[in-house]
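Notes follow the structure.
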Amino acid sequence: MGTQMTEMLKGTLEGIVLAILAKKSAYGYEITAELRERGFTDIAEGTIYALLVRIEQKGLVAVEKVPSEKGPPRKVFTLNDLGRQHLADFWETWNQLVSRIDQLPHTTNELEEK
């Protein structure tokens with residue numbers, strides 16, 4: 001993943017993870033696996049675990065420790081009401097941003113004509 005994509009993801013990854021949790025409760029590895037399935041292959045697991053700590057501290061998720069067959073209990077994250085509101089705000093902001101960006105020239109030809 002290029003540097004530009006990495007920088008853009010820094011501001012949106014929280015919303016992306018909340019969107020995944022809006023579908024179903026999950027633990028860190030499941031979230032990482034879903035991100036990879038969706039093409040976010042260069043995101044390190046450590047990045048996701050740090051983000052999960054932050055969203056837990058912000059009170060956006062409920063956390064339940066579930067026994068694991070292999071090793072210590074897993075922390076399963078569930079989006080709560082505050083998290084759903086935060087996600088709704090994220091999508092509203094995202095849609096405004098996309099609308100504004102869509103009004104800009106998108107191709108090299110358009111830029112050269114100006």
Just to be sure before I move on: is residue 77 among the aromatic types (Phe, Trp, Tyr) and in a strand (DSSP E or B) in the structure I sent? yes
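Keeping to the range 17-40, report how many residues are in a helix (DSSP H, G or I), within 13 Å of residue 79 (Cβ to Cβ) and touching a residue at least 12 places away in the same chain (Cβ under 8 Å). Full working, then the answer.
First, the residues of the range 17-40 that are in a helix (DSSP H, G or I): 17-23, 28-37.
From what's left, within 13 Å of residue 79 (Cβ to Cβ): 17-23, 31.
If we keep only those that are touching a residue at least 12 places away in the same chain (Cβ under 8 Å) too, we end up with 17-22, 31.
Number satisfying all stated conditions: 7.
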Evaluate the following for residue 97: is it open to solvent by 70 Å² or more (accessible area, probe 1.4 Å) and either part of a helix (DSSP H, G or I) or not polar (S, T, N, Q) (or both)? yes
Qualifying position, being closer than 26 Å to residue 5 by Cβ and either hydrophobic (A, V, I, L, M, F, W, C) or open to solvent by 50 Å² or more (accessible area, probe 1.4 Å) (or both), among 65, 23: 23
Test each condition in (1) open to solvent by 40 Å² or more (accessible area, probe 1.4 Å); (2) of a type in the set (A, V, I, L, M, F, W, C); (3) touching a Gly at 6+ places or on another chain (Cβ under 6 Å) for residue 48 and report the one that comes out false. (1)
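The values are calculated or read from the model by the stated rules, or taken from the named source; none is laboratory data. Since we're looking at a predicted model, the values are computed, not measured. Using ideal geometry, Cβ is built from the backbone for each residue, glycine included, and neighbour counts are taken over all protein chains shown. Surface accessibility is based on the protein's heavy atoms, side chains included, excluding ligands, DNA and RNA. Shrake-Rupley method; radii C 1.70, N 1.55, O 1.52, S 1.80 Å.
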